[in-house]
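Q: Have a look at this one.
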Amino acid sequence: MARYAFADYDVDSVELKCLLVSRGVKADREVYRRFSREFRLDVSPLTCNCVILSDGTVVQMTDMKFHLQYLNGALSWDNLKLLRYASELGTPFRLRLLEDKPALFHEGEFVDFVTLPDYTDFYRRRTTSGLPFVGNAVLQGLDWVSFQCLWHCEYAAAGKPCQFCFSGAEFEALARKGKPMPNAVSPEDFAEIVLCALDNTTARNVQITGGSTFSGASESAHIRAYLRAINERIGRERVGDILLYITPPKDFALIDEYFALGASRIACSLEVWDEKLAAEITPGKLAFTTRKRHLDILEYAAGKFGAGSAFSNFIIGIEPFESLREGATYLAERGVIPTASVWMPMGRPVMGTMRAPNVDYYRRVIDLFGGLYAKYRLEPAGACGLNVCVERDIWRARQPAVGGGDCCERDCCE
């Protein structure tokens, strides 16, 4: 694992990833001109750009120039609120050309050369029915095709979105204006997008995500249809991991059915452990689904299908370390993987701030999660990691210490 010394920082690659995800970058126009035709690099924030550090760590690249322009257009109803936080949205990181290569700088100081994934026309495509790929699916790093919101969030439409969720803000805005919610992506379109990713990119794993629903049973028709579409139209053997993010249902039998249909792991994400904070940050989850149902489903899945078959995401940076430690430990002791998605403050303010925590906070989280993964033998999904989540990076970084081998077979991990 690489280390970086710049300004007052002395960080490893996972800590640097946390800083970059939470603060964003500004990329020079020359970078786009030089690399956008050969590599996966686009000015649209919807294409989920990433860079790869010199040791293979995959990092979300949110270009603050274009991201804030997109926010102004997409969430015009919230522009005045965002202006209040403008002073918190600056970034010291910049992507520039150096020796005709993309290089990361911090306040003018060189940090690392980075690489970019190979170009694909994935985001230029539409399905046979006319559904655009962009805005419905993203390629994350080298391994994943992810669907961010296959069906709308009923909590957001009811006025109780998660504070950090950009999609939830859009659904809340639609409901406030009395406009209809978008239709769920059809199984046919879903399968066509997955097949295109498998055939034309390096993606081999699928992440299925929808909005939260008042009853986990109400989304089950969608989930069954997507899993069956993989089995019947693609072939389950062609796909690596299938991560299924769901609303915890009352009926445990649905969990059995999802695994039988091919799900690799199931997530019922709590996001925040501290219940007082959760009531404000994730109000719909506490009001409609309840903490107990989340935990019941997670423990059931881990108990029946094995440690690591269930996981719960935490948004890293929006609650005190002490409560995060309590929640992550509670889950790991029960065979549930606590996963770590770094909070991106440039999306929406949480608890009245858009200011990310300092590197010491991230370092404590990395040490905590790494220790839990080793102690309870919990291996997060994937190979090279996701753009915003750091659990796989943490696991990779600890492998020499716990006697593990190579994390994957890709060149980026050499």
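Only the coordinates and a few stated rules stand behind these numbers; no lab work does. Every value quoted in this text rests on a predicted model; they were computed, and no experiment measured them. Heads up, the Cβs are rebuilt from the backbone with ideal geometry, glycines too, and the neighbour counts pull from every protein chain shown.
Q: Looking at the chain, send over the antiparallel percent of its DSSP beta bridges, to the nearest 5.
A: If we restrict to bridges inside the chain, about 50 percent are antiparallel.
Q: Let me ask another. If I stretch the segment between SER129 and ARG233 completely, what's the gain in nm (0.36 nm per residue apart, minus their alpha carbon distance), one decimal?
A: Net length gain for the segment: 35.8 nm.
Q: Would you work out the charge dipole size for the chain about its Cα centre, treating the Cβ of every Lys and Arg as +1 and the Cβ of every Asp and Glu as -1, and quote it to the nearest 20 debye?
A: My answer is approximately 920 debye.
Q: Still on this structure, I have one more. When the helix-only estimate is applied to the chain (DSSP H runs of n ≥ 4, each -39,500 (n - 2.57), divided by the residue count), what is the mean residue ellipticity at 222 nm, nearest 500 deg cm²/dmol?
A: On the way: 15 runs with 146 residues, N = 414.
Taking each H run of at least 4 residues, the total per residue is -10500 deg cm²/dmol.
Q: Quick one: compute the contact order of the chain, relative version, from alpha carbon pairs under 8 angstrom and 6+ residues apart, as a percent.
A: 16 percent.
Q: Specify the residue with the greatest mean-square fluctuation among GLY130, GLY159, GLY168, computed from a Gaussian network of the chain linking alpha-carbon atoms under 10 Å apart.
A: GLY130
Q: Please report ARG291, ARG392, ARG29 as a ranked list, fewest other C-beta atoms within 10 angstrom at the top and most at the bottom.
A: Exposure proxy ranking, most exposed first: ARG29, ARG291, ARG392.
Q: Here is a further query. Using Cβ contacts closer than 10 Å as the measure, can you line up TRP343, TRP144 from fewest to most?
A: Starting with the residue having the fewest Cβ neighbours, the order is TRP343, TRP144.
Q: On to the next question. Under a Cβ-Cβ cut-off of 15 Å, what is the net charge of the residues other than LYS304 that fall near it, where Lys and Arg count +1 and Asp and Glu count -1?
A: Its environment carries a net charge of -3.
Q: At what distance in nm do the modelled label points of ASP256 and GLU379 sit from each other, each positioned 7 Å from its Cα along Cα→Cβ?
A: Rounded to a tenth, the inter-label distance reads 2.8 nm.
Q: Beyond a 24 Å Cα-Cα separation, which of these cross-linked pairs lie in this structure: LYS26/LYS276; LYS17/LYS160; LYS26/LYS101?
A: Over 24 Å Cα-Cα: LYS26/LYS276; LYS17/LYS160.
Q: Starting from the Cα-Cα distance between GLU280 and ASP28, subtract it from 0.36 nm times their residue separation and give me the gain in nm to one decimal.
A: Value of the extension gain: 86.9 nm.
Q: Please list, or write none, the lysines whose alpha carbon is within less than 22 Å of the alpha carbon of LYS375, excluding same-chain residues fewer than 8 places away.
A: Within the straight-line cut-off, LYS375 pairs with LYS304.
Q: Below 8 Å between Cα atoms, with a sequence gap of 6+, how large is the relative contact order for segment 146-251 in percent?
A: Relative contact order comes out at 33 percent.
Q: Separation between the PHE110 and ALA5 pseudo-spin-labels, each 7 Å from Cα along Cα→Cβ, expressed in nm?
A: If labels sit at PHE110 and ALA5, their model points lie 1.6 nm apart.
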